[in-house]
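As C-alpha cells, the structure follows; a few thoughts come after it.
The values are calculated or read from the model by the stated rules, or taken from the named source; none is laboratory data. Treat the numbers as computed from the prediction; the structure is a model and nothing was measured. Here Cβ is always computed from backbone atoms with ideal geometry, including for glycine, and neighbour counts include all displayed protein chains.
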Amino acid sequence: MDVTTRLSSIASTSPVAPLVVAEISTATFAASVAIAAVVAGVAAFVIAKTMGKGAVAAEREEARRTLERAEQEARAEAERIRLDGERSALDRKAAAEKELEAARHELRETERRLSKREDALDRKEESLGQKEQAVSRQLDSLRSKEAETQRVREQLEKTLVEQVEALQRTANMTPAQARELLLERIADDTRHEMGKVARKIVEEAEAEAKEKAREITLMAVQRFAGEHVSESTVRSVAIPSDDMKGRIIGREGRNIRAIEKATGVDIIVDDTPGVIIVSCFDKVRQAIAVESLERLIADGRMHPSRIEEIVEKVRSETNERIMKYGKDAAVEVNLRGLHPKILEAMGKLHYRTSYGQNVLRHSIEVGFLCQIIAEQLGLDGAVARRCGFLHDIGKAMDHEMEGGHPKIGMDFAKQFGEKEPVLNAIGGHHADIPSTSFYTPIVMAADAVSSARPGARRESMEKYVQRLNELQDIAMGFRGVTEAYAIQAGREVRVMIDAAKVDDDEAFLIAHQISKKISEEMTFPGEIRVTVLRETRAIEYAR
C-alpha cells in the first residue's frame, strides 16, 4: 500500500482527520521529493560504475533495496506526522471544550443571579403590597375614628346646650352666671381627668425607664471610683510672728502695695495672730500670691524689687504647672488631639472650685461617667468622654468675658477646632441651648450624678437655709396645700394637702406641678423629691 492509499485510509477512519489532512499532505509531498532524489542518485551511480549486464542487475537489486528502505522511512515519517497531527487536534479539541464549559458555567451563574434578583423583586413587590394594604386599613380606621370623634363632639355640644338651658330654667340665672358656673364645673372635671391622665402617663413612663436608668447610672457610678476629696480654697498664710506683719506692710505700705500690684490680690493684715489673709476672685492669682508670700516669708528679704522677682518666678512656675495639670488630665481620660490652649484652660480648672468641688477632678469624673453611660446606650464612648471632659471649660475664663460659662466655653472650644457634638454638649449641658445630639443629655445626667453624690459639694449655711425656705414657699403656693416641709437636707419636700379639697388624682398632679416649678425657679445640684400626702382624719373626743 503506497502513501496516498494510506492517507485515504487515515482520512476515512480517524475522527480528527479533517484537522490533520493539511499537515499530512505537506509532509507527504516532501517525502516524495526526497525519494525521487534518492532514486536519481542511485541510477546515476549505477550507470557510472557498471559496464556489464551482471553489474547492472546487481546495481538494480541494490537500488531496489535502497528504494524499499526509503519507502519504509517515508512511511514511518508519515506515521509520526499523523500521530503528531492527531495529538495536536486532540489538544485543540480539549481546549475548545474547556472554553465551552467555562462559557456554560458563566451562563449558568448569570442565570442564577438573575433568578435570585427576580425572587427579591417579587418579595419586595409582595411586601409593598402588604404595606399598601396596611396603610389602607389604617386610613379607613382613622376615617372611622374621625367620624366617631365628630359625632361625640356634636353630642357634647348638644349636651352642653341642654345643660345651659336646664340651668337657666332651674336656677333662673342669667346666661353670664350660667356660663361661669358651667366653666367652673368643666374646669373641676378637666382637672380631675387631667390628673388621671398625667398620673397614668408618668407611671407608665417611670415603669419602663426607671429600672433601665437606675441600672445605667449605678453601673457608671460603680465603675468609676473617682477621688471624693475636694480641695479647700487656701485664703490664709501663716507667719512665724506678728513682727512679720510689719515687714510685709513695709515703710509707708510700700511692700504690701507692691505685692498687691504684682499679684492682683487684696492682702488683709488684721489683728488675727499668726496669719494674714489673701482675698481674690481669681483662684489662679490667689494661688500665685499665696506661694509668693510663703517664699518671701521664708526668704526674709522683703522689698519691692525682691517681691516682683519672686512673684514673676512663681507666676512662670504656676503657668508650667497649669499646662502639666491639663496634659495629665488629658492623658488620664485618654484624649488626643486637644489644642494646647484647651489644655491650658483645663489646667486652670485645677484652681477652680464649685461648691467646694474641684472643677478639674469633676470634669474628669464626668468624662468617664459619660463614656460608661454612652457605651451602655450603644453610642461612641470616646466622643462622650470628650464631651464630658470639656463641658465646664468655660469656668476657666476670667470675669472679663461676658456670658455664662456654657456659652463662653462653647465659643472658646469652637475657636480651637472642636466638633459639633462636643460644642453642643458644652453649650447645652445646662439646657441653655437645644440639644442636637444624644451626647448632650448624657453630659447633663453625668454632671448631675457627679455633683449630687455624697461628699462632692458643700454650701454655706446661709445658702442652705435660703434653699430650704424657697422650697417650702414654692410648695405652699399651690391650691389645697396646708403644710410643707423641706427635709433630707433639702433633697425632699413633703407637702400636706387638704383631703376635702383635693382628691388622689389631683394630688398627683400637684406633685408634678411643684417639681416642675422647683426645676424652673431654683438652681440646685442633683434632684429634689416631692412627696404629696393626702389623708382623712376622723377626730372625736370622749367625755
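Report, ordered by the first and then the second residue, all pairs with beta carbons closer than 6 Å, sequence separation of six or more or different chains, a first member in the range 509-534 that is of a type in the set (Ser, Thr, Tyr), and a second member that is in a strand (DSSP E or B) and surrounded by 18 or more Cβ atoms within 10 Å (Cβ to Cβ).
SER515/VAL530
Residues of the range 348-399 being without any contact (Cβ under 8 Å) to a residue 40 or more places away in the chain, surrounded by 24 or more Cβ atoms within 10 Å (Cβ to Cβ) and aliphatic (A, V, I, L, M), which ones?
Once the filter is applied, which keeps residues that are without any contact (Cβ under 8 Å) to a residue 40 or more places away in the chain, surrounded by 24 or more Cβ atoms within 10 Å (Cβ to Cβ) and aliphatic (A, V, I, L, M), the range 348-399 yields only LEU360.
Please determine, by comparing only the residues of the range 487-530 that are under 40 Å from the mean Cα position of the chain (by Cα) and in a loop (DSSP other than H, G, I, E, B), which one is nearest to GLN357 (Cα to Cα).
So the residue we want is PRO525.
If I go through the range 477-512 residue by residue, how many of them are polar (S, T, N, Q) and crowded, with 18+ Cβ neighbours inside 10 Å?
0
Sort out which residues of the range 331-382 are modelled with pLDDT of 90 or more and aromatic (Phe, Trp, Tyr), and write them in order of number.
PHE368, the sole residue that qualifies.
Of the residues that make up the range 310-323, is at least one modelled with pLDDT under 85, closer than 30 Å to GLY246 by Cα and crowded, with 20+ Cβ neighbours inside 10 Å?
No, every residue in the range 310-323 fails to be modelled with pLDDT under 85, closer than 30 Å to GLY246 by Cα and crowded, with 20+ Cβ neighbours inside 10 Å.
Conditions (1) assigned to a helix (DSSP H, G or I); (2) modelled with pLDDT of 70 or more, marked per residue:
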{"residue": "THR110", "(1), (2)": "yes, yes"}
{"residue": "SER115", "(1), (2)": "yes, yes"}
{"residue": "LYS124", "(1), (2)": "yes, yes"}
{"residue": "SER144", "(1), (2)": "yes, yes"}
{"residue": "ALA147", "(1), (2)": "yes, yes"}
{"residue": "LEU156", "(1), (2)": "yes, yes"}
{"residue": "MET173", "(1), (2)": "no, no"}
{"residue": "GLU184", "(1), (2)": "yes, yes"}
{"residue": "ALA198", "(1), (2)": "yes, no"}
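For the range 272-289, which positions are surrounded by 20 or more Cβ atoms within 10 Å (Cβ to Cβ) and either in a helix (DSSP H, G or I) or not β-branched (Val, Ile, Thr) (or both)? Don't jump to the end; show me each part of the working.
Step one: list which residues in the range 272-289 are surrounded by 20 or more Cβ atoms within 10 Å (Cβ to Cβ), which gives 276, 278, 284, 286-289.
Listed by number, the residues that qualify are VAL284, GLN286, ALA287, ILE288, ALA289.
Of the conditions (1) of a type in the set (Gly, Ala, Ser); (2) at pLDDT 85 or above; (3) on the phi > 0 side of the Ramachandran plot, SER305 clears all except one; give me its number.
The number of the failed condition is (3).
Please determine whether any residue of the range 254-267 is touching a residue at least 24 places away in the same chain (Cβ under 8 Å), under 30 Å from LYS419 (Cα atoms) and touching a strand residue (DSSP E or B) at 6+ places or on another chain (Cβ under 9 Å).
No: the range 254-267 contains no residue that is touching a residue at least 24 places away in the same chain (Cβ under 8 Å), under 30 Å from LYS419 (Cα atoms) and touching a strand residue (DSSP E or B) at 6+ places or on another chain (Cβ under 9 Å).
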